Amino acid sequence: MTTTLSPRPTDESLVALAASIGRIAAEHEAEHDRDATFVSEAYAAMTDTGYRAMAVPPELGGAGASLRQVVLAEYELARWSGAAGLSAAMHLYMTLLQRFRYGRGLADAEAALRRVAADGIVLATSGGSDWVCPTTTAVPVDGGFRFSGRKSFVSQAPAATVLSTSATLGDPGPDAEVLHASVPMSSPGVSIVETWDTLGMRGTASHDVVLDDVFVPAERITGRRPYGVLAGPLMLAAQYFAPVVAGVYLGVARGACDEAARMLAARAEASPAAVRQLGEMTARLRVARWALLAAIEETGEHFGPDPVVLEALMTAKRHAVLEAVAVTDLALQVVGGPAFSRGTRLERAYRDVRGGPFHPLTPEATLEAVGASALAAARG
């Protein structure tokens, strides 16, 4: 695969690339939304251009894009296609996680990143389905473990090459340990069950993945943590996940704002109320984008698992997804009745942004974590 991006790309070149892929995705968005089929055309364009390798270090064949640049690119892609943006986000945040591990000298991370750049492999994750308490089990065997269970919400499942997943070793509870592992989708015992039939983000094809006595060699275990605790590899994954997925939902809302402005401009006369609502949408988007980029600047590019970093990035994500919902609601008010029609761009955006508050940490869970931290600080 030949990337069209040069090492250390500019913000402008990455955004332009995301827009070009977004235009391709937009041509098929209504079809994939209607039929709940995968955004395959967008992924083909990503393969052709090297989009999914943007965060891979240049010495491994990628473009070396920063976390901030990944967020900017995803924001732009989601303006055109929320499903393409969210699907790619699941791969890109895992690429960022592997880049951190590569910086720690881990050979398996280097191998994975080289394959992302050279072969176009797709990294998927199952972390959102059972979070800190996996229902999947791990049983020790010679040379490794046997994983069994069912994982929900595996975005981009039809295109995935490797699944980053977890399983509980021992009886669930305080004494159990959780194993994190990379499992090739081609492994015997791995299967996809097409369950994805949802309100929004239907083109992500986030089907269930079943692990039926899947052998996982010991060398594929990428980390361990206590059962029921957001720590170690899961905390690190959540930190990279938060800003990337926040960029996606803000991008969907920006697309809704663009569409509302276009439809308003086509009218002979715009009411003062509609103009004001357009101004409110624009202002909300601007402030939410500022907050997200400021959180990235505050936490930096090379953080390890850190509760302070997690809190900052999850706070920004909470603000982004709630503002995305508010802005999209306003877009429908600006346009009025025509936005209520099934299959329109605004109706689709209205449904797509509803997925934002479901991603962990949820908005309420974020406030609980921030509040607990503030209380602990006050108590000294």
So for the stretch 1-95, using the alpha carbon gyration tensor with a ≥ b ≥ c as root eigenvalues (a/c under 1.5 gives rounded; past that, a/b versus b/c decides prolate or oblate), I'd call it prolate
Going by a ≥ b ≥ c, the root eigenvalues of the Cα gyration tensor, does the stretch 282-323 fall in the rounded group (a/c under 1.5), the prolate group (a/b larger than b/c) or the oblate group?
oblate
Can you give the calculated 222 nm mean residue ellipticity of the chain, where each DSSP H run of n ≥ 4 adds -39,500 (n - 2.57) and the sum is split over every residue, rounded to the nearest 500 deg cm²/dmol?
-18500 deg cm²/dmol
List the residues of the stretch 324-363 whose backbone N lies under 12 Å from a point placed 7 Å from the Cα of Arg267 along the Cα-to-Cβ direction.
332-339
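How high is the relative contact order of the chain, in percent, with contacts defined as C-alpha pairs under 8 Å that are six or more residues apart? Don't skip to the answer; put the middle values down first.
Working: 749 pairs, mean separation 62.1, N = 380.
16 percent.
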Point-to-point label distance, Gln333-Val141, nm (Cα→Cβ direction, 7 Å offset):
5.8
How high is the FRET efficiency between Val308 and Arg286 when r is their beta carbon distance and R₀ equals 25 Å, given to the nearest 0.05?
0.40
Distance from the stretch 118-161 to the stretch 37-97 (C-alpha centre basis), Å:
21
So how do Cys133, Cys257 line up by other beta-carbon neighbours within 10 Å, fewest first?
Cys133, Cys257
Multiply the residue separation of Asp171 and Thr47 by 0.36 nm, subtract the distance between their alpha-carbon atoms, and state the gained length in nm to one decimal.
40.5 nm
With Cα coordinates, the longest principal axis of the chain makes an angle with the long axis of helix 363-379, in degrees rounded to 10, of 70
Which of Phe215, Phe38 has the fewest other C-beta atoms within 10 Å, and how do the rest follow up to the most?
Phe215, Phe38
Loop sites in the stretch 287-366: GluC sites (Glu not before Pro), DSSP, at most 16 other Cβ within 10 Å:
Glu301
Please report, in whole Å, how far the alpha carbons of the stretch 166-252 spread along each principal axis, starting with the longest.
41, 30, 24
Backbone HN-Hα couplings from phi across the stretch 186-194 [Karplus 6.51/-1.76/1.60, Hz, Gly and Pro as x]:
7, 5, x, x, 9, 9, 9, 10, 7
How do Val183, Val71 rank when sorted from fewest to most other Cβ atoms within 10 Å of their own Cβ?
Val183, Val71
Which trypsin sites (Lys or Arg not before Pro) from the stretch 72-178 combine a DSSP loop assignment with at most 16 other Cβ atoms within 10 Å?
Arg104
With a sphere of radius 9 Å drawn around the Cβ of Asp352, what net charge do the other residues whose Cβ falls strictly inside it have (Lys, Arg +1; Asp, Glu -1)?
+3
For the stretch 1-71, with only Lys/Arg (+1) and Asp/Glu (-1) charged at the beta-carbon, what is the dipole magnitude about the Cα centre, in debye rounded to 20?
320
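Values in this text are rule-based calculations from the coordinates and carry no lab data. Model, not experiment: these values are computed from the prediction. So basically every Cβ, Gly included, is an ideal-geometry build from the backbone, and we count neighbours across all protein chains shown.
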